[in-house]
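Laboratory data are not the source of any read-out in this text; all were calculated from the coordinates shown. All of these numbers come straight from a predicted model, not from anything done at the bench. Note: ideal-geometry Cβ built from the backbone for every residue, glycine included; neighbour counts use all protein chains shown.
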Amino acid sequence: MSTRRLLTITALAIIAIGIVSIVWIRAPRLTSRATPRAAAAPSPTAPAPPGRKIKARLFYVADDGMRLTGVERDIAYGEGATEQAREIVAAQIAPVVEPLVSAVPAGTSVRAVFLTEGGEAYVDLSREVMSAHPGGTLNELLTVYTIVNALTVNLPAVTSVQVLVDGKEVDTLAGHIDLRQPLAKNLSWVQ
Amino acid sequence: MNFRAIPRLLTVATLAISITLAAALSSQSPPSPSLTILSRDGRRAIPIAMLGDQEFVALDDLTTLFQLTVREDTLGAVTVSYKGKTIVLTPDQALASVSGRLVSLPAPPSRNGRRWLVPSEFISRALALIYDTRLDLRKPSRLLVVGDLRVPRLTARYESLSPSAARLTIDANPRALSTVTQDADHITVKFDADALDAANPLLPAQPAPSLVTGVRIADPTALAVDLGPRFAGFKSTSTTVDSTQRLVLDVIGLVQTDASQPQPAPPATAAQPAPPEIPPAFGQSASAIHTIAIDAGHGGDDEGVHSADGAKEKDLTLTVARRVRAIIEARLGLRVLLTRDDDRNVPIDERTALANNNKADLFVSLHANGSMRPTTTGAAILCAAFDKDAAQAASAGGAERLPTFGGGSRDIEMVPWDLAQTRHLAQSERFAELLQQQFHDRVPMASRPIDRAPLRVLESANMPAVLIELGYLTNAEQAKLLTNDAFQNAAVQSIFDAIVRFRDTLTPGGTQ
């Protein structure tokens, strides 16, 4: 083996070690972000049994339209708090049929959910939550607290929730409710 | 007997008889009522006869006044004719046949000796239909206006707002413009009218410390507002409310010194001078509210909620905001800022900044609501809500010493922009309660009429601030109501009344 070939192999080995190190260091952060792709891929550590469910309390517009009403539903089990948070949000914004009415505009999808060690959840929704919003202070309040309460009621580790849209912080959804800070659970908007 | 005393005795006796007669006359029952008839030819009166509670007039008197012909047939029916048109009255029937058409009367005609008496409503319900000139019977004031005379009906309301301020409101219906001039001890209000339909006095005598002691008719088209000794000045504003012309006289007066002033020694006699008085500078309002910011929600490409038939929240809020501005400026003379006066999108922070930078004393944001349920209904008033940490952080905020222009330094209180409202929440909620009270019976309210929410537009307001949701555009019935002129007037009047009451709670000496 020539010296030149030895140097090439050594350089490749160093590059490979660097790549592995980067992947190793970044891996925890990447796995804490429950993107749709990550959720679709089987978890390498503990794959959830297919069809496993948990009970969760989801929120819909009450009959009088003035408040939310809680409904017990079976939703998909998610491995870990972040994944479970994403499953809760996905179930919460899924289309429903009468007599249930959702306060989240149709067509809205969840892009990602992040949790912090401080108990804050960041829910990144698609732009339809704004573009398809019908407006009105009450509508907007119920939309926001549907998401906030769905996470804070079902996941004790989550104490407040901030809604992001298309990956960005927004002032409001429809001109009324301040979304620049995480909002705490508020059951005064629930019957 | 001393005959020289006879002339003196006769004088005394004559005086005594005169006094007795005068007393007897004055003790008689009040003069019998009469119906005053106003026309281009002048003023006349015909007697009114009371039968039970019903007022009657003699058909003969009407015949003379209006050149009628009256004929009684053998069956007792009475036919009243005017230029070929007829009214037939039948005894014992509360009906009249007017040119073949039946109209009801409150009572049947009644015979009094040889005279026929008819209910006074005969004039408006029957005679007016065949007469060729307009007959306008105003029963409460026993007045009949013949022809197109301008005779506004006047009503007055007097409110003592504080020991040094009062408001006199005079409504004229139909509308009549007026000019206001001040004389030594009274204000004259001269109406552009032919005559006035008003009680005299229009306002009963007020107790002694009152700034206005009464309102009386000074001449056929003018009122005199009598002023008390503490009167210092006044401001008049005139507005149109539907078919009424409203004149508001805001009167201010001298105020007494407060308890901290040295008090004069207790009066030794009743002739001691009155306690010292401090005349206020006229035009300098004692009100705690000088500027009000009205925020018309949404605008431009941000249209807000839509109703099924296309009404837009942004248009509704602008219309109502302009009306609120008009009524406040006209009747309170306060400065009103609109966050937008046209159809454009104004960023939320700019709306609050306009109020903060102009040191507004009150911020009112107007909106219409939307619900996913089409039946949701009712107006609501919202105040800002903050989480506990934010409120504590804001209240703990201290002063910072900063250099000032020209040397030296001063303590400037630092208020975080997003938390400015935390310091005003109690007053905002007080104003919300006053709004709810004024909306009651005038604007349909939601089941929870007052609520709190993290409202972006209120959080930075550095003054009492509320957001009013006038109703639901997503409810078909409410959408019709919200776009209705009468409803908007009621809502605007309610907001105005709440502002007046809120101002009074903040004004020293105002009603609490």
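What order, most packed first, do the peptides B:84-97, A:163-176 have when packing is the mean number of other Cβ atoms within 10 Å of each residue?
Top to bottom by mean Cβ count within 10 Å: A:163-176, B:84-97.
Net charge near B:A176, counting Lys/Arg +1 and Asp/Glu -1 over other residues with Cβ under 9 Å of its Cβ?
Neighbourhood net charge equals +1.
What does the structure give for A:139-149 when I average, per residue, the other chain Cβ atoms found within 10 Å of the residue Cβ?
If you average over the peptide's residues, the count of other-chain Cβ atoms is 2.
Output wanted: per-residue J couplings in Hz (rounded whole) for region B:336-349, from phi through Karplus 6.51 cos²θ - 1.76 cosθ + 1.60, θ = phi - 60°, x for Gly and Pro.
Going residue by residue, I get 10, 10, 9, 5, 8, 10, 8, 8, 9, 8, 10, x, 4, 5 Hz, with x marking Gly and Pro.
Taking a cut-off of 26 Å between Cα atoms, list the lysines near A:K53, but don't count ones fewer than 8 places away on the same chain.
In chain and number order, the partners are A:K185.
Sum up the charges of everything whose Cβ sits under 9 Å from the Cβ of B:D295, counting Lys and Arg as +1 and Asp and Glu as -1, but leave B:D295 out.
Local charge sum for B:D295: +2.
Relative contact order for region A:36-189 using alpha-carbon pairs under 8 Å, separation at least 6, rounded to a whole percent?
About 20 percent, as a whole number.
Let me know the charge dipole size of region B:74-158 about its Cα centre in debye, to the nearest 20, where only the beta-carbon of Lys, Arg (+1) and Asp, Glu (-1) is charged.
280 debye
Students often check this: by mean Cβ neighbours within 10 Å, which of A:69-79, B:317-327, A:138-148 ranks highest, and how do the rest follow?
Packing proxy ranking, top to bottom: A:138-148, B:317-327, A:69-79.
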